[in-house]
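The values are calculated or read from the model by the stated rules, or taken from the named source; none is laboratory data. If you're wondering where the values come from, they're calculated on a predicted model, not measured in any experiment. FYI the Cβ positions are ideal-geometry reconstructions off the backbone, even for glycines, and counts take in every protein chain you see. To get the accessible areas, we keep the full protein, side chains included, count just its heavy atoms, and leave off ligands, DNA and RNA. Shrake-Rupley method; radii C 1.70, N 1.55, O 1.52, S 1.80 Å.
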Amino acid sequence: MEYTEKVLSEETLFKGQIIDLAVQQVALPNGQTASREIVYHHGAVGIIPITADNRILLVRQWRAPMQRETLEIPAGKIDPGEKNLDQVALRELNEETGLTTQKLVHVTDFFSSPGFSNELMTLYYTDTLTPVTHKRSLDDDEFLNVEKLTLEEAQAAVADGLICDAKTIMALYYWQLQAK
């Protein structure tokens, strides 16, 4: 069976700083038509930073869509035109933790929610952290604290719902596999 849908038309409903929202009319493989609501996003990077004492650095921050605090790996969006994702990862690591690394390992790329968004997340790992000479400032609307957790503490935070995003849960699974 052919699964490809043909886009018949697309209307942009919103253009924002982080996302654009569009509605597509598509022809389905069976000849019928349907609407698709699409969120376009420039993509993002996430870093799994493991300290010398085998703890993960996580960022505690408020997340407006969920109206609560979360613990997440350091991460940030790719700005339009940015191509060197290693540099984006190093920028976010610096900005959110005040650290850098000479050993940045690409783990994987994944779509955060392919049912409605094209956001592609690139995930990196490092276990060689050093303080930066010049720490970048947080974004004007960014407020966070860095916390160091053991794998067991992080797993408990997942069970408690404090760690609840896919990138961080995936990061914990990857870290756990590295420890074996």
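Among the residues of segment 17-62, those that are under 18 Å from the mean Cα position of the chain (by Cα), loosely packed, with under 13 Cβ neighbours inside 10 Å and either of a type in the set (A, V, I, L, M, F, W, C) or modelled with pLDDT of 95 or more (or both) comprise 18, 62.
Restricting attention to segment 95-113, the residues being open to solvent by less than 40 Å² (accessible area, probe 1.4 Å), among the hydroxyl-bearing types (Ser, Thr, Tyr) and not in a strand (DSSP E or B) number 3.
Those residues that are assigned to a strand (DSSP E or B) and either modelled with pLDDT under 95 or among the basic types (Lys, Arg) (or both), I need them from segment 1-16; list them, please. Within segment 1-16, 6, 15 meet the criteria. Residues in segment 77-94 that are among the acidic types (Asp, Glu) and surrounded by fewer than 17 Cβ atoms within 10 Å (Cβ to Cβ): 79, 82, 86. Output the residues belonging to segment 131-173 that are touching a strand residue (DSSP E or B) at 6+ places or on another chain (Cβ under 6 Å) and among the hydroxyl-bearing types (Ser, Thr, Tyr). Matches in segment 131-173: 168 only.
Taking segment 116-130 as the range and being part of a loop (DSSP other than H, G, I, E, B) and in contact with a strand residue (DSSP E or B) (Cβ under 8 Å, 6 or more places away or on another chain) as the test, the residues that pass are 116, 118, 119, 127, 129.
Residues in segment 17-52 that are assigned to a loop (DSSP other than H, G, I, E, B) and polar (S, T, N, Q): 17, 30, 32, 51. Among all residue pairs at least 6 apart or on different chains, which show Cβ distances below 6 Å where the first residue, located in segment 138-162, is under 12 Å from residue 70 (Cα atoms) and the second is aromatic (Phe, Trp, Tyr)? Note: no pairs meet the criteria. The set of residues from segment 114-130 being under 19 Å from residue 43 (Cα atoms) and open to solvent by 50 Å² or more (accessible area, probe 1.4 Å) comprises 114, 115, 116, 118, 120.
Does residue 133 satisfy the criteria of being surrounded by 13 or more Cβ atoms within 10 Å (Cβ to Cβ), among the β-branched types (Val, Ile, Thr) and assigned to a loop (DSSP other than H, G, I, E, B)? Spelling it out, it is not the case that residue 133 is surrounded by 13 or more Cβ atoms within 10 Å (Cβ to Cβ), among the β-branched types (Val, Ile, Thr) and assigned to a loop (DSSP other than H, G, I, E, B).
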